[in-house]
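First up is the structure itself, then whatever we jot down about it.
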Amino acid sequence: MEIFLIRLLQFILAISLLVFLHEGGHMFFAKLFGIRVEKFFIFFDVNIGKWSGKLFSFRPRRSDTEYGMGWLPLGGYCKIAGMIDESMDTEQMAKPAEPWEFRSKPAWQRLLVMIGGVLVNFVLALIIYAMVLFVWGESYIPVKDMTMGMKFNTEAKQLGFQDHDILLGTDQGTFKDFNADLVRGLSKAHRADIIRDGRHMSIHLPGDLNLLNMIKDVPPFVRPFVPAEAAEIQAGSPAQKIGMKKGDRIVAVNATPIDSWNAYQALMTSVSQKMEQTQTHRDSMALRTVTISYVSQGDTLKRAATLTPDLKLGVGMTSILDYYTPVQVEYGFIESIPAGIRYGVNTLSGYVGDMKYVFTADGAKSLGGFGAIGSLFPPTWDWHMFWLMTAFLSIILAFMNILPIPALDGGHVLFLLYEMITRRKPSEKFMIYAEYIGIGILILLMLVGNLNDVLRFVGLMR
């Protein structure tokens, strides 16, 4: 419960900040051009019966804007006079246009008002990335220094990779550290450069591997090779009961050889899938009862163990940080600015490139809702990770909002560009219907994403 609350608080804080600044971007340009902003709210003040849905609100003296906070933490809004938006204020639109309304302003001014939120979110992400690099620097393990190499799945081995290959790069460029960019690079590459048994060599690749499958496959396409050594033994666990100690290395489970934690996790995933098929207690106990072979102080021991109901052995796994020393790069204030820009642009380009998978069946299953976004935050309060995640969400918010979908900023921008090119303004009736369609699309995407979260939680989807 504590982990859930910590992640929830981080999620709400990040989203509140991003929505506040996003809507502030719209309001800045609106007020700059003399357009009246009627309401500026964090969260939605959805009415329930006679209750207005406002947690609080206030209107400064001589101000046309009501500021406040609603009870529904799903975003926020900036209600701009004379604009067809999610408020669907058709009554106002039926009246003659006033000079202080959005619809009375030139198209270029309306365009700046609409991209104001996206612009703020993107610039904010670059600023956050720059300041994270300035405060914390950058810590990573160079892939070329991972002397134990990688662990590959069957698909990767069919292409020519072998366990313990050290990845250097591709025809797309040299690898820096192990992250999504590395897998993304392999998916697009026609050549991978590696070191195998001390020799430099290359492997030919098709150039169009499915990135989504590479990441979602169990085991995944590639992971750093991590020996199955015990970082710790939990008290009262099955591992402790069979005599395992810190530093012991698992070499087999039943008749299956285990050379790494990658292999152990893949085997446990297979056992978990079989557990879902069991119908009796005897069947489940048969799966939970395993023979563990492990090396302890040079001796290979074989012991029978009964895993916990959730198939845990009670062994803390080592990580690559136990075998390699990270490189720490520090940035001065001036240096952090171009480094932060490169970081943000690279993150955006990777995210945009991956969007094509959303329009596939597997991609739709990969959509996530509020639960999936919240789970991205660390289980403990870590300001470094919090700001990295906030910057990432800011980029996502910017990109998603600029998509040409009615009801999003990008939809309004599309219609404004049409008006600027053709010198003809879309009718208000058309804009209202387009807004309804856009809202419907957004609700559908939100339902699919949150339904996927529920299905993953109950184990019906991975």
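The values are calculated or read from the model by the stated rules, or taken from the named source; none is laboratory data. These numbers come from a predicted model, not from an experiment. Ideal geometry is used to build each Cβ from the backbone, glycine not excepted, and the neighbour counts take in all protein chains shown. All accessible areas refer to the heavy atoms of the entire protein, side chains included, with ligands and DNA or RNA removed. Shrake-Rupley method; radii C 1.70, N 1.55, O 1.52, S 1.80 Å.
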Say whether the condition of being closer than 30 Å to ASP283 by Cα and either modelled with pLDDT of 95 or more or of a type in the set (A, V, I, L, M) (or both) is met by at least one residue in the range 317-335.
yes
Run MET275 past the list (1) aliphatic (A, V, I, L, M); (2) at pLDDT 90 or above; (3) over 25 Å from ALA180 (Cβ atoms) and report the number of the one that doesn't hold.
(2)
Would you confirm, using the coordinates I've provided, whether THR269 is more than 24 Å from LYS151 (Cα to Cα) and either assigned to a helix (DSSP H, G or I) or at pLDDT below 90 (or both)?
no
Residue tally, condition open to solvent by 10 Å² or more (accessible area, probe 1.4 Å), in a loop (DSSP other than H, G, I, E, B) and among the small types (Gly, Ala, Ser), over the range 146-178
1
Assess whether VAL183 counts as being open to solvent by 50 Å² or more (accessible area, probe 1.4 Å), in contact (Cβ under 8 Å) with a residue 12 or more places away in the chain and outside any strand (DSSP E or B).
no
Just for the range 209-240: of the residues that are open to solvent by less than 60 Å² (accessible area, probe 1.4 Å) and assigned to a strand (DSSP E or B), which one is farthest from VAL315 (Cα to Cα)?
VAL222
Among the candidates TYR331, TYR351, TYR343, TYR324, residue that is touching a Phe, Trp or Tyr at 6+ places or on another chain (Cβ under 7 Å), assigned to a loop (DSSP other than H, G, I, E, B) and not basic (Lys, Arg):
TYR331
Failed criterion for GLN265 (all others in (1) polar (S, T, N, Q); (2) open to solvent by less than 50 Å² (accessible area, probe 1.4 Å); (3) within 30 Å of LEU182 (Cα to Cα) hold):
(2)
Could you pull out every one of the helices (runs of 4 or more DSSP H) wholly within the range 376-462 that has 2 or more residues that are modelled with pLDDT under 75?
428-457
Given the structure, is SER202 within 30 Å of VAL352 (Cβ to Cβ) and polar (S, T, N, Q)?
yes
Of the conditions (1) at negative phi; (2) open to solvent by 20 Å² or more (accessible area, probe 1.4 Å); (3) modelled with pLDDT under 95, LEU126 clears all except one; give me its number.
(3)
Evaluate the following for ALA305: is it farther than 29 Å from LYS216 by Cα and surrounded by 18 or more Cβ atoms within 10 Å (Cβ to Cβ)?
yes
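Residue-wise test of (1) at pLDDT below 90; (2) over 17 Å from VAL37 (Cβ atoms); (3) open to solvent by less than 10 Å² (accessible area, probe 1.4 Å); (4) part of a loop (DSSP other than H, G, I, E, B).
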| site | (1), (2), (3), (4) |
| --- | --- |
| TYR77 | yes, no, no, no |
| SER87 | yes, no, no, yes |
| GLY116 | no, no, yes, no |
| ALA130 | no, yes, yes, no |
| SER139 | no, yes, no, no |
| LYS144 | no, yes, no, no |
Can you work out which of the residues in the range 186-200 that are open to solvent by less than 60 Å² (accessible area, probe 1.4 Å) and outside any helix (DSSP H, G or I) is farthest from ASN262 (Cα to Cα)?
ALA189
Can you find even one residue in the range 285-297 that is surrounded by fewer than 13 Cβ atoms within 10 Å (Cβ to Cβ), without any contact (Cβ under 8 Å) to a residue 60 or more places away in the chain, in a loop (DSSP other than H, G, I, E, B) and out of contact with any helix residue (DSSP H, G or I) (no Cβ under 8 Å at 6 or more places or on another chain)?
yes
Candidate set: the range 1-35, residues that are surrounded by 17 or more Cβ atoms within 10 Å (Cβ to Cβ) and among the charged types (D, E, K, R); chosen: the one nearest to ASN121 (Cα to Cα):
GLU23
If the Cβ limit is 6 Å and pairs must be 6+ apart or interchain, which residue in the range 244-270 that is at positive phi pairs with which residue that is β-branched (Val, Ile, Thr)?
ASN254/VAL290; ASN254/THR291
Close pairs from the range 37-63: first at positive phi and surrounded by 14 or more Cβ atoms within 10 Å (Cβ to Cβ), partner among the polar types (S, T, N, Q) and in a loop (DSSP other than H, G, I, E, B), Cβ under 7 Å, at least 6 apart:
GLY53/ASN47
